[in-house]
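What follows is a set of notes on a single structure, which appears directly below.
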Amino acid sequence: MTTVTDWTIPGAEGEAILGDTHASADPRATVVIAHGFKGYKDYGMFPRIAATLADAGFVAHRFNFSHSGMTNDVATFARPDLFARDTWNKQVADVRAVVSAVRDGRLAGGETPVVLFGHSRGGVSVLLAAGRPDAPPLAGIVTAAAPSRCLSLPPEQIAELEQAGFIVSPSSRTGQALRIDRIGLDEIRREPEAHDLLAITARIACPVLVVHGGQDPTVPVAAAHELAGALGARGRLHVIEGADHVFNTVNPLPAETPASAELAELIEVTVGFVKHVA
């Protein structure tokens with residue numbers, strides 16, 4: 001039997017990390033699920049991934065990054081001010097805060113092996129959290145549709161950030177015109193080594209499964225090949241043919257609606273990987 005509970009812990013700059021835990025009675029591993037850019041813990045695939053992991057005998061924690069701008073009201077970015085100030089360092093701090101909460105007993109999982117799962121931007125965040133100094137011990141990492149760079153803005157948007165101090169990024173889901181401040185760009189330029197994703201990925205000690213959709217229009221599949229190349233023997237690349245950036249998953253995904261074939265494959269390889277490393 002599995003259970004679902006919600007929780008809140010402090011994250012970067014003291015802002016709240018909101019999460020939901022899907023737990024089996026006697027878990028053999030813990031999986032921490034990180035969403036992507038403009039994503040949130042309740043988006044599309046994440047509840048289904050977490051529920052399936054729990055059914056397979058694991059604990060799964062899905063959470064909102066503290067500066068995602070999202071709350072438990074999924075209809076809107078209730079805190080666009082936080083979204084504007086998000087940075088890689090804040091996301092790394094959040095990932096590590098969730099792992100620490102597992103280790104010290106505030107969240108379920110205790111001493112079981114921990115695996116990080118990150119989709120899109122969340123994939124970059126979990127790689128940075130695992131590859132930077134003082135990383136927590138991890139059993140493995142799964143990235144899904146992750147970029148291979150921390151900075152992928154086109155030159156004209158970088159110039160706009162420099163000149164105006166912000167850019168506007170519309171949300172097609174909510175209709176909001178979300179602001180992105182230049183704080184993130186400044187952080188990357190101030191700490192280039194801490195944001196060299198391929199070099200950091202090459203230092204990760206645990207096994208990493210790199211999953212990508214063969215028809216991803218948002219992050220080219222070439223990014224997955226770059227990440228896998230940086231990992232060498234510790235990395236395993238799995239390309240899902242026909243999959244787009246969200247693995248052909250509708251949002252929201254009702255519990256009674258079957259997963260797409262592409263999402264089902266992502267879940268299958270993820271569960272298999274966690275069983276192998278745990």
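Every number here is computed from the coordinates shown, using simple stated rules; none is lab data. Note that the coordinates shown come from a computational prediction; the quantities given were computed from them, not determined experimentally. Neighbour counts are summed over all protein chains in view; Cβ atoms, including those assigned to glycine, are modelled from backbone coordinates with ideal geometry.
Here are a few things to note about the model shown:
- One decimal place: the segment Ala159-Thr5 gains 51.0 nm when fully extended, by the rule 0.36 nm per residue minus the C-alpha distance.
- Amide hydrogen neighbours beyond the local backbone of Val142, cut-off 5 Å, H modeled: Leu116, Phe117, Gly118, Leu209
- Expressed as a fraction of 2.2 N^0.38 Å, the C-alpha radius of gyration for segment 40-98 is 1.25.
- Total charge dipole magnitude, the chain, about the Cα centre, Cβ charges on Lys, Arg, Asp, Glu only, Debye to nearest 20: 380
- DSSP-defined beta bridges in segment 137-257 - what % are antiparallel, rounded to 5: 35
- Computed P(r) (all Cα pairs; the chain; 5 Å bins; percent): 1, 6, 13, 18, 21, 19, 14, 6, 2, 1, 0, 0
- Amide H contacts under 5 Å for Gly11, placed H, 5+ residues apart: Ala16, Ile17
- For a label point 7 Å along the Cα-to-beta-carbon line of Ala222, residues of segment 123-163 with backbone N under 11 Å: none
- Top of Ala51, Ala135, Ala29 by mean-square fluctuation, Gaussian network on the chain, Cα under 10 Å: Ala135
- With R₀ fixed at 22 Å, the C-beta to C-beta distance from Leu237 to Arg28 puts the FRET efficiency at about 0.30.
- Relative contact order, percent, the chain [alpha-carbon distance under 8 Å, six or more residues apart]: 17
- Here r is the Cβ-Cβ distance between Ser152 and Asp186 and R0 is 25 Å; the resulting FRET efficiency, rounded to 0.05, is 0.90.
- In the elastic network of the chain, a GNM with C-alpha springs shorter than 10 Å, the most mobile of His61, His245, His35 is His245.
- When the inverse distances between all different Cα atoms of segment 45-187 are averaged and flipped, the Kirkwood radius reads 16.6 angstrom.
- Shape box of segment 3-108 [Cα atoms, principal axes, largest first, Å]: 40, 29, 19
- Extreme residue, positive dipole direction of the chain, given options Gly229, Ala205, Ala164 (C-beta unit charges): Ala205
- Segment 71-155: C-alpha gyration tensor shape, a/c 1.5 cut-off, then a/b vs b/c: oblate
- Gaussian network model of the chain, Cα within-10 Å springs - most flexible of Ile141, Ile33, Ile200: Ile200
- Per residue, the convex hull around the alpha carbon atoms of segment 162-246 comes to 126 Å³.
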